[in-house]
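What follows is a short report on a single structure.
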Amino acid sequence: MSAKKSITEKFPYIVIEGPIGSGKTTLARKLSERFPVNLLLEKAEANPFLARFYQDPERYALPTQLFFLYQRGNQIRDLNQHDIFGDATIADFFLEKDPIFARLTLNDEEFSLYRQIYQSMHVHVTKPDLVIYLQTPVEALIDRVEQRNISYEQEISREYLTRLSEAYSEFFHVYDTSPLLIVNNEKIDITTSEEALDLLVERIMQVQSRREFFNPNWD
């Protein structure tokens, strides 16, 4: 049995998560190049409010968040269609993380409205077979956001990335819906090293319990 067949059989639906700059999209792409899967990516560039949100968060937080909510909901519906045909999937987001951003950016009244819409959507969410959380220090997030040089992302403040990183940590501290592999992304950048990616793939195949950690020693 080949490694490619093994990973898709063991975890037909893998979600990769982490804050902005953690490398989740790059990792999803790299894994999809190795394994025969349906690649499901968040389409941040399609959100017409996102650039304006980073310039004026108070004014544009709600439309930005609602656009993402509907976009992600529609993508999950598409995923359910793929699931009917038994397609393996690797995604760089899942709907459960949407409230992380909403709670961080919306005021109480806006968040109350958001929650009503979120709960009324009734999207059947396929439960991931494995969630990979890229736990990345804030300094590394800042460096990677600067390196990829997306114009509107240069407006992101250190304070926002710090709060976002803390919110992700709190979310995954209690997350238990699916098996979770927490990857320490401090000393190793899996998105740029093929050798590191090999180690991660090997570690994924070793996952047996509901919550595990990958702390690679990298000199």
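Some observations on this one:
- In segment 168-195, of all residues being surrounded by 17 or more Cβ atoms within 10 Å (Cβ to Cβ) and of a type in the set (A, V, I, L, M, F, W, C), the one that is farthest from Thr126 (Cα to Cα) corresponds to Ile188.
- Of all the numbered requirements in (1) closer than 14 Å to Ile14 by Cα; (2) out of contact with any Ser or Thr (no Cβ under 7 Å at 6 or more places or on another chain); (3) modelled with pLDDT of 90 or more, Arg115 misses one, and that requirement is (1).
- Qualifying position, being of a type in the set (Asp, Glu), more than 24 Å from Asp176 (Cα to Cα) and at pLDDT 95 or above, among Asp56, Asp78, Asp108: Asp108
- Qualifying helices (runs of 4 or more DSSP H) (wholly inside segment 129-219; at least 3 residues being under 24 Å from Lys43 (Cα atoms), free of Cβ contacts under 8 Å to residues at least 60 places away in the same chain and within 17 Å of the chain's Cα centre (by Cα)): 158-174
The values are calculated or read from the model by the stated rules, or taken from the named source; none is laboratory data. If you're wondering where the values come from, they're calculated on a predicted model, not measured in any experiment. Note that we place each Cβ from the backbone using ideal geometry, even for glycine, and neighbour counts take in every protein chain shown.
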